[in-house]
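The values are calculated or read from the model by the stated rules, or taken from the named source; none is laboratory data. It should be emphasised that the depicted structure is a prediction, and the values quoted were computed from it without experimental measurement. Here the Cβ positions follow ideal geometry from the backbone for every residue, glycine too, while neighbour counts run over all protein chains shown.
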Amino acid sequence: MALITCENVSLGYEGLTVAKDINFSIYQGDYLSVIGRNGSGKSTLLKALLRIKEPERGKIVYGGGLKQSEIGCLAQQTPVQKDFPASVFEVVLSGRAPKRGLTPFYSRADKKDALDKMELLGITNLKERCFRELSGGQRQRALLARAMCAAEKILFLDEPVTGLDPVVTTEFFNIINEMHKNGMTIVMVSHDIHCAVKYSGRIIHMDGGILFDGTVDEYKKSKIGAEFIGGHKHD
Amino acid sequence: MTDLFEYISVMFSYTFILRALIAGALVSLCAALLGVSLVLKKYSMIGDGLSHVGFGAIALATALNFAPMKFTVPVVVVAAVLLLRVSESSKIKGDSAIAMISTGALAVGILAASMTTGMNTDINSYLFGSILAMTKEDVVLSAILSFIVIVLFIVFYNKIFAVTFDENFAAATGTKVKAYNMLIAVLTSVTVVLGMRMMGALLISSLIIFPSLTAMRVCKKFKSVIFVSALVSVLCFVAGLIISYIASTPTGATVVVLNIAVFLIFAAAGKIINK
């Protein structure tokens, strides 16, 4: 079942097209990595998939009963967040806000869900800590916990392990794998080809458009895949 | 000590001071609540820009013999919507757009004023504020406004947090980010216009910026930032009003200086706590 389908989508900034003729579907149960060099249009595609940015042409359709409030995303940290006075619990709990609609206050179930996700990610002890005082890895976990609170069907990750050390990176992907096994659809945007090949099931390689779309095994065998994996050893 | 209390009770027996107290405390409360979100989103200059537009509009209204509030409120609301639009589009950067609009409005206001009555005391009181400016109508308006701001703040608290902390996440998960930004901008513009005549067009934005920055020196939770900044704002206003009465100083400037003092104390306290 297709959750999101792109039909002849073109993406761009202020009239400058960065990617065109994009046609693909994200299916339930996918573990998809969108890869490509910087400026290949992959982050713009992510914004379009999340409906933060309108595509210049074409349509992005949500199917399978997918609602925006069932989406979770872990985006790159913004400058605003670096100095934000909020406790970790407040940040994680805000992942439940989309589901509240216009009803004020969080319910007991909301708070329990937030605590459960924090437990799962091992950040229960940080509950009352201020977000701005956390380390990079701790912040990423808090934001992942928030994304997990929001994600019911699909989770988007934008360069999720940039700046994390190898141990934390492995732990991070173990958690994502576990979520995927439990039925979550995962879409990751990354320029880290090695993590993409190692952990995901399907690869879309972008550069001004889609150059490759298939399984990881097919990608490794393809010419473009072999070149990209080989040429990015030092990434 | 009893002398002081007597002095203060005499002070509050004046109707104009009582009006200033009620309206000012309510406006300070609204400004502090809205300020937290504005400061965190790096929109603090919008408050400043809006107050200049407010000055321009009020000078124009006086020159053209319009009712000041009925003319100024819509003009400033429109300016708020425009400022937000411009800040969101990337063609002209937000800060330069605000600088353009605020100095432009200031120039228009000064021209309008000089062509009609000259730079009279009226204009002077708009720029630097006057405690005598608050009418009964203003008090009623401030009460209505603060009621609306507080209710909206409680009802939309979770959304305001989400939109302030991470606009993209909120938008991606289906929250109408633009609508919330607009709501905050419109409420800010009404707050600015209401507070402007007492605090002065050049000083009103400090009510928006100082209390939240002060609270952020020591608070580590969003909720406590909101409470502390509201408390600091109202207390600074009331204390400033009393001091300005006793020392015969301009009210607006006294309140701002008091805010600076409290900010410095909180900043020092924050340094000590975080050591």
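Which residue is surrounded by the most Cβ atoms within 10 Å (Cβ to Cβ), if the candidates are limited to the range A:5-49 and must be aromatic (Phe, Trp, Tyr) and out of contact with any helix residue (DSSP H, G or I) (no Cβ under 8 Å at 6 or more places or on another chain)? The selected residue is A:Phe24. State all residues of the range B:125-173 that are within 14 Å of chain A (Cβ to nearest Cβ), over 20 Å from A:Gln81 (Cβ atoms), in contact with a helix residue (DSSP H, G or I) (Cβ under 9 Å, 6 or more places away or on another chain) and part of a helix (DSSP H, G or I); if no residue qualifies, say none. Within the range B:125-173, B:Ile150, B:Leu152, B:Phe153 meet the criteria.
Residues that are within 11 Å of another protein chain (Cβ to nearest Cβ) and modelled with pLDDT under 90 occur at least once in the range A:105-113. Applying the criterion of at least 2 residues that are farther than 29 Å from B:Ser248 by Cα, touching a Lys or Arg at 6+ places or on another chain (Cβ under 9 Å) and in contact (Cβ under 8 Å) with a residue 12 or more places away in the chain to the helices (runs of 4 or more DSSP H) found wholly in the range B:1-102 leaves B:68-88. All conditions in (1) at the interface with another protein chain (Cβ under 8 Å from one of its Cβ atoms); (2) polar (S, T, N, Q); (3) part of a helix (DSSP H, G or I) hold for B:Ser189, with the sole exception of (1). Going through (1) without any contact (Cβ under 8 Å) to a residue 60 or more places away in the chain; (2) touching a Lys or Arg at 6+ places or on another chain (Cβ under 7 Å) one by one, A:Val189 falls short only on (1). As a summary of the residue check, A:Lys20 satisfies the conditions (1) under 18 Å from the mean Cα position of the chain (by Cα); (2) on the phi < 0 side of the Ramachandran plot except for the one numbered (1). What are the residues in the range A:176-188 that are surrounded by 23 or more Cβ atoms within 10 Å (Cβ to Cβ) and either within 21 Å of A:Lys223 (Cα to Cα) or among the polar types (S, T, N, Q) (or both), if any? Within the range A:176-188, A:Thr185 is the sole residue that qualifies. If you check B:Leu33, B:Leu40 for being modelled with pLDDT of 85 or more, under 30 Å from B:Phe222 (Cβ atoms) and within 14 Å of chain A (Cβ to nearest Cβ), only one passes: B:Leu40.
Okay, residues lined up against (1) without any contact (Cβ under 8 Å) to a residue 12 or more places away in the chain; (2) more than 14 Å from every other protein chain (Cβ to nearest Cβ); (3) among the aromatic types (Phe, Trp, Tyr):
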site	(1), (2), (3)
A:Ala2	no, yes, no
A:Glu7	no, yes, no
A:Tyr13	no, no, yes
A:Leu16	yes, no, no
A:Phe24	no, yes, yes
A:Ser40	no, yes, no
A:Ser43	no, no, no
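Which condition breaks for B:Thr254 when tested against (1) touching a residue at least 40 places away in the same chain (Cβ under 8 Å); (2) crowded, with 20+ Cβ neighbours inside 10 Å; (3) under 19 Å from B:Leu18 (Cβ atoms); (4) β-branched (Val, Ile, Thr)? Looking at each condition in turn, B:Thr254 falls short on (1). When residues in the range B:177-229 are screened for being aromatic (Phe, Trp, Tyr) and in contact with a strand residue (DSSP E or B) (Cβ under 9 Å, 6 or more places away or on another chain), 1 of them pass.
Residues checked against (1) within 14 Å of another protein chain (Cβ to nearest Cβ); (2) in a loop (DSSP other than H, G, I, E, B); (3) within 30 Å of A:Tyr106 (Cβ to Cβ):
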{"position": "B:Arg197", "(1), (2), (3)": "no, no, no"}
{"position": "B:Leu203", "(1), (2), (3)": "no, yes, no"}
{"position": "B:Ala215", "(1), (2), (3)": "yes, no, yes"}
{"position": "B:Val256", "(1), (2), (3)": "no, no, no"}
{"position": "B:Val262", "(1), (2), (3)": "no, no, no"}
{"position": "B:Ile265", "(1), (2), (3)": "no, no, no"}
{"position": "B:Ala268", "(1), (2), (3)": "no, no, no"}
{"position": "B:Lys275", "(1), (2), (3)": "yes, yes, no"}
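Can you name every residue in the range A:143-176 that is in a loop (DSSP other than H, G, I, E, B), in contact (Cβ under 8 Å) with a residue 40 or more places away in the chain and in contact with a helix residue (DSSP H, G or I) (Cβ under 6 Å, 6 or more places away or on another chain)? Answer for the range A:143-176, where residues must be in a loop (DSSP other than H, G, I, E, B), in contact (Cβ under 8 Å) with a residue 40 or more places away in the chain and in contact with a helix residue (DSSP H, G or I) (Cβ under 6 Å, 6 or more places away or on another chain): A:Glu152, A:Lys153.
Of the residues making up the range A:137-169, those that are of a type in the set (S, T, N, Q) and either modelled with pLDDT of 90 or more or crowded, with 17+ Cβ neighbours inside 10 Å (or both) are A:Gln138, A:Gln140, A:Thr169. Mind telling me which of the residues A:Gln68, A:Gln76 ends up being farther than 20 Å from A:Gly201 by Cα, touching an Asp or Glu at 6+ places or on another chain (Cβ under 8 Å) and either hydrophobic (A, V, I, L, M, F, W, C) or within 14 Å of chain B (Cβ to nearest Cβ) (or both)? Result: A:Gln76 is the single residue among A:Gln68, A:Gln76 that is farther than 20 Å from A:Gly201 by Cα, touching an Asp or Glu at 6+ places or on another chain (Cβ under 8 Å) and either hydrophobic (A, V, I, L, M, F, W, C) or within 14 Å of chain B (Cβ to nearest Cβ) (or both). Checking B:Lys176, B:Lys221 one by one, the residue that is more than 9 Å from every other protein chain (Cβ to nearest Cβ) and either on the phi > 0 side of the Ramachandran plot or not aliphatic (A, V, I, L, M) (or both) is B:Lys176 and no other.
Identify all residues within the range A:83-104 that are more than 7 Å from chain B (Cβ to nearest Cβ) and among the hydroxyl-bearing types (Ser, Thr, Tyr); write none if there are none. Answer for the range A:83-104, where residues must be more than 7 Å from chain B (Cβ to nearest Cβ) and among the hydroxyl-bearing types (Ser, Thr, Tyr): just A:Thr103.
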